[in-house]
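S.K.: Sending over a structure as C-alpha cells; questions will come in a sec.
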Amino acid sequence: MLSKGQVINERYEILKSIGEGGMANVYLAHDKILDRDVAIKVLRGDLENNEKFIRRFQREAKSVSDLSHPNIVEVYDVGEEDGQHYIVMEYIDGKTLKQLIQKRGSLTVPEVIDIMAQLTDGLAQAHDAYIIHRDIKPQNIMILDNGMIKITDFGIAMSMNATQLTQTNSVMGSVHYLPPEQASGKGATTKSDIYSAGILMYELLTGSVPFKGDNAVEIALKQMKERIPSIRRQNPLIPQSVENIVLKATAKNPKNRYDNIHEMHDDIVHALDEDRQNEVKYHFPYPESELDESRAIPIKESTVTQPKAKEVEIPANGEEIGNGGSRKKEKKKMTRTKILILVGLVVILLMSGTLIFLNHRNNTKVIVVPDVTNQKIDKAISVLKKKGFKYDVKKEASDKIKEGYVIETQPSAGSSKRKGSIITVVESTGLADVVLEDYTNQNASSLKKKLEKLGLKVTVEKKKVESPKDYIGKIDAVIDQSPKYVEKEETKLKKGDELTLYIPDIYDSYPEIATEGWTLSKAEEFANQYGLSLVVKDKKGNVVSDYSSYLDKAVTGQNRTGKIASGVQFVVTIDVDMTTYNLTINYYLKGSTESVFDTKVEKHKDGESGTVTCPGKASYDLVTPQVNYQISGKDAVINCYYTKSDSSNSTDTGDNLD
C-alpha cells in the first residue's frame with residue numbers, strides 16, 4: 001500500500017486511495033509537472049514477483065495506450081519504480097454504472113440509448129485496433145455528471161493478433177456478463193464483447209441482471225442454456241426495436257449476434273427512429289443450441305437373443321474345406337516366414353545407414369551463426385561464407401530496416417549449426433507498396449496510425465454531409481478518400497505518397513448553443529439535421545407551442561450535453577415570458593369607491609404597455625380621459641375617474657363602455 005504524500009518517479013504525489021482490486025490498487029495522485037490530478041493503478045505488492053500478473057498488468061497498459069477515444073479512459077504514463085509496476089491514467093470524477101443502477105434502478109429508454117451508443121462507439125475503436133475487452137460490465141464503465149461514459153479496466157483484454165496469456169480453458173471475466181462460449185471454455189472474440197454489452201443493456205433497462213444463482217457455476221450454466229427473459233414483459237412501454245437489440249446481442253449462438261460492434265452501434269442510434277415504431281420481434285436465423293436442432297431419434301436394437309451361428313472359415317479361392325484347407329495353411333506359414341526375413345534385412349540396412357550418417361555428422365565441426373543483422377547484404381554473405389556456411393537469400397519488406405540490409409537470419413544469430421549448413425538471409429526491400437483499399441466506415445484515427453507506419457503521408461479532413469443524423473456515432477468513420485478506390489483496379493501507393501481520409505463534419509456532442517450565441521432559428525435547423533425533437537420553453541418553463549415569431553430570439557439554455565443520440569427530445573429555452581398578467585381597470589367616482597362602470601379585467605404579457613381610453617357616461621364628466629399602463633412581471637391596476645356633472649349643463653352622451 002502507498003501512503004499519502006508518497007511520490008512516485010519524483011512526479012506523482014499520492015493524495016488518497018480510491019479503490020482496491022484483486023490485482024491492483026488505485027490511488028488519486030497529483031502530477032506535479034503538468035499540475036493535474038491523475039489516477040494511478042499500482043500492482044499489488046504480493047503480486048510483484050508473479051510473472052503472470054505482471055504480464056496481465058502490462059497488457060492492460062499496452063491495450064489502453066494504443067487507443068484514443070473520448071469514451072475510453074486515457075493512459076498518460078507507464079512505469080516501474082523499486083519493483084512497483086504502475087499505470088498513470090486519466091482521473092474520472094464520476095460514478096460507475098453499477099452505482100447508478102443501484103441508486104436508480106432501471107434507467108429511461110433515451111438514457112440507455114445514449115449510454116449504449118457511447119459504449120459501442122468506444123468498443124468499436126478497441127475492436128478496430130484488434131483488442132477485445134473481455135470484461136464489459138457496469139462496474140467497469142464510469143459515467144460523468146454530463147452523461148459522458150468512460151470504459152475502464154482493460155486488465156484481461158486480449159489482442160486478436162497476439163497469443164493469449166491465459167490458459168485455453170480458463171474462464172475470464174465476470175460470470176453475470178460472461179458469454180456462453182467463454183463459460184464453456186472456448187476462446188473470446190469480438191462477439192463476446194457484444195454479448196456482454198447486451199447483458200449490460202438489459203440491466204440498464206430493467207435494473208437487474210437476467211441470470212441469477214447461488215454460485216458462479218449455476219449462473220454460468222444459465223448463460224449457456226437459458227433464454228434471456230423478455231424485457232417487454234417486465235415493461236411493455238419499452239419499444240420492440242430496443243428489445244430486439246438485446247435479443248440479438250445476447251444470442252447464445254454467436255452466428256445469431258451482430259456481425260460486429262459497428263452494426264450494434266448503428267442499430268442503437270436508430271432504434272427510436274419513426275420507421276422502427278412497428279418493428280417485429282427478432283427471430284434467430286440459426287439454431288440457438290443443440291436443443292433447437294432437429295436430430296434423428298436413435299432406435300434401440302432388439303434385446304431378443306438370436307441363436308449364435310457357427311463360425312465357418314471360407315477359403316478365398318473357393319476351395320473345398322478338407323485336405324485342401326490344410327495345404328492352404330501350410331502355404332500361408334511359408335509366406336509369413338519370407339516376409340519376416342525381408343523386414344529383418346531392411347532394418348539392418350537402415351541401422352547401418354544411420355550409424356554411417358551419425359559418424360559423419362559427429363566429425364563435422366559445429367559453428368555458431370554470426371549476427372549479421374542490419375549489415376549490407378554483400379557483407380553479410382561474406383561473413384557467413386568465411387564461417388563455412390552456405391547461404392540462401394529471401395527478400396521481405398520492412399519498416400525498420402533499410403533496403404539492401406539484413407533483417408534477420410534463419411536460423412537466428414547465436415544458433416549452433418554444422419559447417420556447410422544453409423543459412424537463409426532475409427534481405428530488406430524497404431517499405432512495401434501499399435495496395436489501396438476501400439477504407440469507407442473504418443476508424444480514421446486507427447487507420448491513420450496503421451498507414452503511416454507503412455510510410456504513407458496521411459491527413460484526415462472533415463467533409464460536409466447532407467444528412468448529419470445518418471452519421472451520428474460515426475464521427476471518426478471514413479466517408480470518402482483521395483485517391484479514390486476503384487473496384488477491380490489495383491492501385492499501389494509508395495513510401496511518401498499522400499492519402500487523404502475524409503470524416504463527417506458533424507457535431508459528435510451537443511454544442512453549447514447558449515454560450516455560443518445561437519438563435520432559435522439556428523437551434524431549429526440543428527434539431528432537424530440531427531433528428532431531434534425540438535421543444536421550446538420560455539424563461540418561466542412554459543412550452544411555447546407556436547414559436548415562429550421568436551425565431552430571432554437568442555437561446556439561453558438547453559437540456560442536453562454529451563453525445564448526440566437521434567430521436568430524443570432537445571429542449572431549449574429562449575428569453576421570453578409567455579406568462580400573462582391581469583390588467584384591472586376600475587371606473588370610480590372621484591373621491592370615493594363608487595363605481596361608474598363594472599370593473600374590467602384584461603390579459604397582457606410581460607413588458608406590454610399602452611393607453612386605455614376611459615369611456616364616457618351620461619350625467620358624468622371624465623376627469624381622466626386616458627390612462628397609461630405598463631406590465632412589469634406582475635398584475636397591474638389602473639383607474640378611470642369621473643365626477644357627476646351639473647344636469648342642467650350636461651349633454652347626455654350615453655354609456656360608451658365597450
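The values are calculated or read from the model by the stated rules, or taken from the named source; none is laboratory data. Quick caveat: nothing in here was measured; it's all calculated off a predicted structure. When we count neighbours, we look across all protein chains shown, and the Cβ atoms used for this are built from the backbone with ideal geometry, even at glycine. Areas reflect the complete protein model, heavy atoms only, side chains present, ligands, DNA and RNA absent. Shrake-Rupley method; radii C 1.70, N 1.55, O 1.52, S 1.80 Å.
S.K.: I need the peptides 264-275, 111-122, 531-542, 186-197 ranked by packing, meaning the mean over residues of other C-beta atoms within 10 angstrom, with the highest value on top.
M.R.: Descending mean neighbour count gives 111-122, 186-197, 264-275, 531-542.
S.K.: Where the accessible area of segment 430-499 is counted over protein heavy atoms with a 1.4 Å probe, how much of it, in %, is carbon and sulfur?
M.R.: It is 46 percent, rounded to a whole number.
S.K.: At 1.4 Å probe size, put 30, 283 in order of accessible surface, largest to smallest.
M.R.: Per-residue accessible area, sorted high to low, gives 283, 30.
S.K.: For segment 419-556, what class follows from the C-alpha gyration tensor (a ≥ b ≥ c being the square roots of its eigenvalues): rounded when a/c is under 1.5, otherwise prolate if a/b is larger than b/c, else oblate?
M.R.: It comes out prolate by the Cα gyration axes.
S.K.: Now for a different question. Amide H of residue 432: which non-local residues (sequence gap of 5 or more, or other chain) have their own amide H closer than 5 Å, using H built in the peptide plane?
M.R.: 398
S.K.: Give me the one-decimal nm value for the distance between modelled label points at residue 569 and residue 278, 7 Å along each residue's Cα-to-Cβ direction.
M.R.: Result: 2.6 nm between the two label points.
S.K.: Separate question: Apply 1/(1 + (r/R0)^6) to the Cβ-Cβ distance of residue 549 and residue 82, taking R0 = 60 Å, and write down the FRET efficiency to the nearest 0.05.
M.R.: Calculated value: 0.25.
S.K.: Once neighbouring chains are kept in place and the probe is 1.4 Å, which whole percent of the accessible area of segment 87-127 is contributed by carbon and sulfur?
M.R.: After summing per-atom areas, the C and S share lands at 44 percent.
S.K.: While we're here: Sort 583, 551 by accessible area with a 1.4 Å probe, largest first.
M.R.: Largest accessible area first, the residues go 551, 583.
S.K.: Rolling a 1.4 angstrom probe over the protein heavy atoms, how many square angstrom per residue are accessible across segment 186-289?
M.R.: Using a 1.4 Å probe on heavy atoms only, each residue of segment 186-289 averages 47 Å².
S.K.: Amide H neighbours of residue 620 under 5 Å, at least 5 residues apart or on other chains, H built in the peptide plane: list them.
M.R.: Correct list: 645.
S.K.: Still on this structure, please answer the following. Heavy atoms only, 1.4 Å probe, whole protein assembly: order 12, 581, 641, 130 by accessible area, highest first.
M.R.: Sorted by accessible area, descending: 130, 641, 581, 12.
S.K.: Moving to a separate point now. Could you sort out which of 450/488; 462/553; 553/603; 376/417 sit more than 26 Å apart by Cα distance in this structure?
M.R.: Where the Cα-Cα span goes over 26 Å, the pairs concerned are 462/553.
S.K.: Right, another one. Under 5 Å between amide H atoms, partner at least 5 residues away or on a different chain: which partners does residue 95 have, H built in plane at 1.01 Å?
M.R.: 143
S.K.: Counting pairs of alpha carbon atoms under 8 Å apart in space and at least six apart in sequence, what relative contact order in percent does segment 395-467 give?
M.R.: Answer for segment 395-467 is 33 percent.
S.K.: State, as an integer percentage, the relative contact order of segment 1-47 based on alpha-carbon contacts under 8 Å between residues 6 or more apart.
M.R.: Once normalised by length, the contact order is 29 percent.
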